[in-house]
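The structure under discussion appears below in the form of structure tokens.
Since every read-out is calculated from the coordinates, none of them should be taken as a lab result. On a predicted model such as this, the values are computed, not experimentally measured, just so you know. Cβ coordinates were reconstructed from backbone atoms using ideal geometry, including for glycine residues, and neighbour counts include every protein chain displayed.
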Amino acid sequence: MKPYHITALKHIAMLGGVREYVSFSSATFGSMLGVSQQSASKRLLDLIRDGLISRNIVARREQVKLTTKGVEVLRREFADYKIIFEAAKELTLTGVLMSGLGEGAFYMRQRGYKEQFARKLGYEPYEGTLNLRCSGKDLANLEVLRQAEGIQIDEFRSGGRMFGGAKCFRAKMANVECAVIIPLRSHYSDTVELISKFNLRTRLGLSDGDSVELSVLL
């Protein structure tokens with residue numbers, strides 16, 4: 001993606017195009033970008049072609065809005081700048097507790113993961129994960145974690161199957177030690193998974209729908 005495409009997305013977002021469809025002329029958009037009307041029109045077409053914005057026609061007037069893919073491009077930009085300028089050593093992440101599909105327990109039982117967690121985190125995790133759904137500004141902080149280096153967990157083969165790599169970040173929730181784990185080959189998600197030597201639900205008396213906050217070390 002060209003840098004000027006990101007600039008175009010940013011200007012559409014600043015007009016309100018993250019939340020709703022916005023309308024403007026290509027001449028006005030060109031003035032915002034400092035380019036000709038023809039160049040502005042081409043950039044809008046490029047963004048539509050790449051699935052970064054969607055177009056709607058109302059009363060013969062064209063409107064555009066950022067797609068989920070377009071919003072994620074800006075989130076990644078934000079995460080990069082946050083790392084560059086804030087140089088934070090830790091961040092706060094808030095999410096709402098939700099039940100997973102039970103896949104976490106399967107992966108936490110794998111010896112290839114257990115041995116790496118014991119070596120790199122200092123403990124073998126409880127066989128299960130705690131799932132938090134993030135929203136708002138916490139999605140940007142979650143993107144910061146996806147961009148940060150973290151503690152690497154290598155992929156491995158077991159029973160004829162390949163288990164993918166991940167990265168994790170030490171964290172604390174209500175002063176209980178835990179870690180955020182992010183699969184390396186995951187698609188965008190608003191959910192973060194936590195592991196700990198404890199059953200966090202039982203230890204902290206948590207239920208689905210509870211809002212919880214954790215401090216994560218970068």
Kindly state, to the nearest 0.05, the FRET efficiency for residue 4 paired with residue 25, given R0 = 30 Å and r defined as their beta-carbon distance.
0.95
Neighbourhood net charge (14 Å Cβ-Cβ; Lys/Arg +1, Asp/Glu -1) for residue 36
+2
Any idea how far the Cα center of segment 139-218 sits from the one of segment 20-99, in Å?
28 Å
Can you check what the net charge comes to around residue 55, using other residues whose Cβ is under 12 Å from the Cβ of residue 55 (Lys, Arg +1; Asp, Glu -1)?
+2
Could you list 168, 134 so that the one with the fewest beta carbons within 10 Å of its beta carbon is first and the one with the most is last?
134, 168
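So, R0 is 35 Å and r is the distance between the beta-carbons of residue 149 and residue 99; what FRET efficiency does that work out to, to 0.05? Each step should come with its number before you reach the end.
Numbers: r = 30 Å, r/R0 = 0.87.
So the FRET efficiency works out to roughly 0.70.
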Can you give the net charge of the other residues whose Cβ lies under 13 Å from the Cβ of residue 176, counting K and R as +1 and D and E as -1?
+3
Kindly write out, for segment 52-60 in residue order, the coupling ³J(HN,Hα) from the Karplus curve 6.51 cos²θ - 1.76 cosθ + 1.60 (θ = phi - 60°), rounded to whole Hz, with x marking Gly and Pro.
8, 9, 10, 10, 9, 10, 10, 6, 6
